[in-house]
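Written out below as structure tokens is the structure these notes cover.
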Amino acid sequence: MTNDKKLKIAVFMGGISCEKEISLKTGQAILKSLLRLGYNAYGVELNENNMLTAFIENDYSLAYLALHGEYGEDGRVQSVLDLLKKPYTGSGVTSSAIAMDKIYTKKLAELAGIRVGKTYSEVSLIEKYPVIVKPAKEGSSVGLYLCKEASEVEKALVELKDKKPIIEEFIQGEELTVGVLNGEPLGALRIIKREGHEIYDYDSKYIVGGAIHEYPAKIEKSAYEECVKWALAIHQELDLKGISRSDFILQGDKCYFLEVNTCPGMTETSFIPELGTIKGYSFDDLVEKMVKEFAI
Ligand SMILES: Nc1ncnc2c1ncn2[C@@H]1O[C@H](COP(=O)(O)OP(=O)(O)O)[C@@H](O)[C@H]1O
Ligand SMILES: [Mg+2]
């Protein structure tokens, strides 16, 4: 680490999506890590007033993006940074925009030979209940509906009418999530949900003790290899950079791909640091690898 010390790293966090609070936690954890590693780094909290100006007015040689959701993880901020000719961590504009949209991502996954659950384009085409109705472009299980009949779907579609709702076959099974860092698969983690929680909802995700994380996932070797192979395939297919995290449901011995996150949570208790330990990487190792990959 010689030239690295000349870097001035701004960690952008917060923002204006519904995942703002998690982003702030991710940003603080990354900033602390950068400081531990001896980098010249500082945090920038984004809000509706400085969403554009913060990128223009701050002084930095690398933008470390700790933003989740809309206007952060979806290519918009990446596009601003491209215009400013500033290097930034993570995926580029097009990859981020596609990955943010669960409908486009699923189509590309299917083309790549990855197993996905059925998507129904309208209520009359639903073959089997229950189904999941969720926004195509939101994260953190916000706006997720488990519907047992057509009337519930209609209601959910009205609730989500401005959010490009997607109707999906409900895949009952075990939750898996797989991390990839700079093209290297980290491994798979199994999320063991609490009883009574059919979906991995917001509370299970963000409340301590909400779910048990098992890593590496103790599942059949073939299923483990399948989801890891597919997470890497998605990473490559969408030309993702830095860290990505793909979610799957394991039903029997079959993995179904759900979605990919291009800027997954990096709090001390998030999945990615846990997945990193499978490869022997500490939190700081992950952060340092990101800096080295993207600093010019
Ligand atoms: N088709 C589905 N079948 C079963 N469970 C689902 C389905 N889609 C979403 N879920 C549940 O909702 C959670 C969040 O959905 P996901 O597609 O990963 O979106 P996000 O994490 O962006 O909110 C999943 O982890 C899973 O528990
Ligand atoms: Mg998810």
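The angle between the Cα long axis of helix 150-159 and the main principal axis of the chain comes to about 30°, on a 0 to 90 degree scale. For Phe248, the shell of other residues with beta-carbons less than 12 Å away shows a net charge of 0, using +1 for Lys and Arg and -1 for Asp and Glu. Computing FRET efficiency as 1/(1 + (r/R0)^6) for Asp82 and Lys118, where r is the C-beta to C-beta distance and R0 is 30 Å, gives about 0.25.
Could you compute how fast the stretch 119-169 diffuses translationally, taking Rh as the Kirkwood radius over C-alpha pairs and applying Stokes-Einstein at 25 °C with viscosity 0.890 mPa s? Give it in µm² per second. Mind showing how you got there, number by number?
On the way: Rh = 10.6 Å.
In µm²/s, the coefficient is 231.
Report, for the chain, the % of DSSP beta bridges that are antiparallel, rounded to 5. Present the calculation step by step, with values, prior to reporting the outcome.
On the way: 36 of 49 bridges.
So the antiparallel bridges in the chain amount to around 75 percent.
Going by alpha carbons, how many degrees (0 to 90, nearest 10) lie between the helix axis of 283-294 and the longest principal axis of the chain? Roughly 70 degrees between the two axes. For the stretch 210-265, trypsin sites (Lys or Arg not before Pro) are listed when DSSP marks them as loop and at most 14 other Cβ atoms sit within 10 Å of their Cβ; the list is Lys218. Once the chain from Ser282 to Lys107 is taken as fully extended at 0.36 nm per residue, the excess over their C-alpha distance is 59.6 nm.
If R0 is 25 Å, the Cβ-Cβ spacing of Ile56 and Gln236 corresponds to a FRET efficiency of close to 0.15.
What number, rounded to the nearest 500 deg cm²/dmol, is the helix-based mean residue ellipticity at 222 nm of the chain, given -39500 (n - 2.57) per DSSP H run of at least four residues and division by all its residues? Show your work: numbers first, answer last.
Values: 10 runs with 100 residues, N = 296.
Calculated mean residue ellipticity at 222 nm is -10000 deg cm²/dmol.
For Ile192 and Val142, the difference between the fully extended length at 0.36 nm per residue and the C-alpha to C-alpha distance is 16.0 nm. In sequence order, the stretch 188-193 has phi-based couplings of 10, 10, 9, 9, 9, 6 Hz under the Karplus curve 6.51 cos²θ - 1.76 cosθ + 1.60, θ = phi - 60°, and Gly or Pro positions carry x. Remark: the stretch 263-280, residue by residue, has Karplus-estimated 3J(HN,Hα) of 9, x, x, 9, 6, 4, 10, 7, 5, 4, x, 5, 5, x, 5, 4, 9, x Hz, where x stands for each Gly or Pro and the curve is 6.51 cos²θ - 1.76 cosθ + 1.60 at θ = phi - 60°.
Each of Cys255, Cys147, Cys18 was scored by other Cβ atoms within 10 Å of its Cβ. Listed from fewest to most, they are Cys18, Cys147, Cys255. Cβ crowding within 10 Å ranks Glu175, Glu73, Glu225, Glu122 as Glu122, Glu225, Glu175, Glu73, fewest other Cβ atoms first.
When the Gaussian network model of the chain links Cα atoms closer than 10 Å, the mean-square fluctuations of Val180, Val131, Val158 top out at Val158. Once the C-beta distance of Glu220 and Lys163 is scaled by a Förster radius of 51 Å, the resulting FRET efficiency is 0.90 to the nearest 0.05. Residues considered: Ile98, Ile114, Ile278. Largest GNM mean-square fluctuation over the chain, using C-alpha springs under 10 Å, is found at Ile278.
Quick one: in the chain, what % of C-alpha pairs are over 27 Å apart? Counting every Cα pair in the chain, those more than 27 Å apart make up 39 percent. Between the stretch 250-296 and the stretch 30-50, how far is it from one alpha carbon centroid to the other, in angstrom? Taking the Cα centre of the stretch 30-50 as reference, the centre of the stretch 250-296 is 19 Å away.
For the stretch 3-89, the calculated P(r), taken from all Cα-Cα distances in 10 Å bins from zero up to the bin holding the longest distance, is 19, 55, 25, 1 percent.
For the chain, the longest principal axis of the alpha carbon atoms and the long axis of helix 221-237 meet at an angle near 60°. Please list, by residue number, everything in the stretch 141-155 whose backbone N is under 20 Å from a paramagnetic label point 7 Å out along Cα→Cβ of Tyr129. Those under the cut-off are 144-155.
Every number in this text was worked out from the coordinates using simple rules, so none of it is lab data. Here the structure is a predicted model, which means the values were calculated and not measured. Because the Cβ atoms are built from the backbone with ideal geometry, glycine has one as well, and the counts that use them run over all protein chains shown.
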